[in-house]
Amino acid sequence: MRSPQPRRVFVLGATGTIGRATVRALAQRGHEVVCFVRPRAGVAGALAAQDSVRLLAGAVLRFGEVSDPASLAREGFRGERFDALVSCLASRTGAPYDAWAIDHRAHLHALAAARRAGVSQVVLLSAICVQKPVLAFQQAKLAFEKVLIDSGLGYSIVRPTAFFKSLSGQVERVKRGLPFLVFGDGTLTACKPISDADLADYLADCLDDASRRDRVLPIGGPGDAITPRQQGEHLFALLGRPPRFRHVPVAMLDAIVGVLGAAGRVLPALAAKAELARIGRYYATESMLVLDPATGRYDAAATPSTGTETLFDFYARLVSGAVAPERGDHAVF
Ligand SMILES: NC(=O)c1ccc[n+]([C@@H]2O[C@H](COP(=O)([O-])OP(=O)(O)OC[C@H]3O[C@@H](n4cnc5c(N)ncnc54)[C@H](OP(=O)(O)O)[C@@H]3O)[C@@H](O)[C@H]2O)c1
């Protein structure tokens, strides 16, 4: 578990779902971890500075604004030397302005500051869906990936499949006796869900694993790819109830995207909602698996797996009450 070469690691996005797990994984490996976080962090600013300090035990916290280069230098890097930058930073809304400000511009500033601090290695949490970039946040991520690849620094760009939190939004409603909602017949898409801890281990191990250096790394969790229908069926089996589905036609999402898209061109306040609708449609119809460019098809067998925790183990713990569902921000990505 311990790294053969403990390093000084500067971490962005430490207060997010994967960031928290990644800070734990880095600290367990004996790295010296410095996190740069907002004074008020978490969903809707729910975490005060002391909450973040408790949450990220094992790391040193520094407070400032990641989108402000002066703050990054003054409060973040402080003129010190670091070996590596690990970023789990990502826009919480996915709205175009936020995505370009955080997933792209803030990362450009952080890369420049990291280079000045002597960083030679960058581990970036990205997303598998950038392989088919349709949405603003995907284009923003991809634009930074390109800058990182061309930067001359060592890089590992990790593109995971779906997280457990994004596939658990219906557990509570099904427990309450409501049907499981699926788009179409529930087999339009598939993914290889990956747990927070398994992904965090994978990210942390990028620092030591030479085979992950200078690579773009799609990664899923253990086992076969599963469809939304299989998720619903398993959930009902755990609850000891016959499966009950409500089928939502994709055409309904198309109509919502169309109406909000048109309204968003006139009323800027609706433009962000239109993008959220486009995000919803994307995840209703696109698999979170490696895309074969030759065939244009998603390929479960070509999607690498890591780790040991399955989504169905997690569902069992949610149903038994052993873990609480994560609430708050977007459940779609
Ligand atoms: N959900 C999925 O199924 C899935 C699948 C594959 C890939 N991904 C990708 O994985 C990445 C991370 O996901 P996650 O669920 O860990 O994200 P998350 O929980 O939303 O965390 C985002 C992190 O970025 C920080 N951040 C966001 N806006 C900021 C701002 N304006 N200033 C400073 N910090 C800011 C947040 O800090 P605060 O706490 O201060 O807000 C938080 O630390 C995303 O890029 C996502 O696209 C997600």
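Descriptive notes on the structure:
- Size of charge dipole - the range 207-332 - debye, nearest 20, with Cβ of Lys, Arg +1 and Asp, Glu -1, no other charges: 540 debye
- GNM flexibility winner over the chain from 268, 39, 193 (Cα, springs under 10 Å): 268
- Placed amide H near residue 155: partners under 5 Å, 5+ positions off or other chain: 122, 214, 215
- Solvent-free Debye scattering, log10 I(q)/I(0), computed from the Cα coordinates of the range 1-44 at q = 0.20, 0.21, 0.28 Å⁻¹: -0.61, -0.65, -0.97
- In the range 241-314, the alpha-carbon atoms span a convex hull of 190 Å³ per residue.
- Geometric extent, Cα atoms of the range 1-74 - Rg, Dmax (angstrom): 12.3, 39
- Mean separation of Cα contacts under 8 Å (6+ apart) over length of the chain, as relative contact order %: 17 percent
- Average accessible surface area per residue within the range 165-303, 1.4 Å rolling probe, Å²: 48 Å²
- Cα long-axis angle, helix 250-266 against the chain (0 to 90 degrees, to the nearest 10): 50 degrees
- The rule of thumb for compact globular proteins, 2.2 N^0.38 Å, goes into the C-alpha radius of gyration of the range 87-206 1.25 times.
- Selection from 47, 28, 84 lying farthest towards where the dipole of the range 22-123 points positive, charges on Cβ: 28
- Surface share of carbon and sulfur [accessible, 1.4 angstrom probe, percent] for the chain: 57 percent
- Above 25 Å, the calculated P(r) of the range 200-333 contains 48 percent of its Cα-Cα pairs.
- Computed Kirkwood radius, in angstrom, where 1/r is averaged over Cα pairs of the range 177-277: 17.2 Å
- Kirkwood hydrodynamic radius of the range 9-139, from inverse mean 1/r over distinct Cα pairs, in Å: 14.8 Å
- Extreme residue, positive dipole direction of the range 247-317, given options 251, 302, 287 (C-beta unit charges): 251
- In the range 97-139, inverting the average of 1/r over every pair of distinct C-alpha atoms gives 11.6 Å as the Kirkwood radius.
- In a DSSP loop and with at most 12 other Cβ atoms within 10 Å, the GluC sites (Glu not before Pro) in the range 1-104 are 80.
- Calculated FRET efficiency, residue 187 to residue 8, Cβ-Cβ distance, R0 = 45 Å: about 0.45 to the nearest 0.05.
- Available extension along the chain between residue 244 and residue 134 is 36.4 nm, counting 0.36 nm per residue and deducting the alpha carbon span.
- Taking a Cβ cut-off of under 12 Å around residue 59, the surrounding Lys, Arg, Asp and Glu residues balance to a net charge of +4, with basic ones at +1 and acidic ones at -1.
- Considering only the chain, percent of DSSP beta bridges that pair antiparallel, nearest 5: 15 percent
- For the range 262-333, the list of trypsin sites (Lys or Arg not before Pro) that fall in a loop by DSSP and count at most 14 other C-beta atoms within 10 angstrom reads 327.
- For the set 183, 163, 144, solvent exposure ranked by accessible area (probe 1.4 Å, protein chains only) runs largest to smallest as 183, 163, 144.
- Trypsin sites (Lys or Arg not before Pro) restricted to DSSP loop in the range 131-191 with at most 16 other C-beta within 10 Å: 176
- Magnitude of the charge dipole for the chain, about its Cα centre and with charges confined to Cβ atoms of Lys, Arg (+1) and Asp, Glu (-1), is about 580 debye.
- For the residues 153, 199, 207, a GNM of the chain with alpha-carbon springs under 10 Å puts the largest fluctuation on 153.
- Eigenvalues of the alpha-carbon gyration tensor of the chain, scaled by 5 and square-rooted, set the equivalent ellipsoid semi-axes at 33, 23, 20 angstrom, largest first.
- Helix 311-320 and the long axis of the chain differ in direction by around 80°, with both axes built from C-alpha atoms.
- Using a Gaussian network model of the chain in which every pair of alpha carbons under 10 angstrom is joined by a spring, one finds that among 166, 320, 195 the greatest mean-square fluctuation is at 320.
The values are calculated or read from the model by the stated rules, or taken from the named source; none is laboratory data. Keep in mind that what you see is a predicted model, and the values were worked out from it rather than measured. FYI the Cβ positions are ideal-geometry reconstructions off the backbone, even for glycines, and counts take in every protein chain you see. Just so you know, the surface numbers come from the protein's heavy atoms only, side chains and all, with ligands and any DNA or RNA stripped out. Shrake-Rupley method; radii C 1.70, N 1.55, O 1.52, S 1.80 Å.
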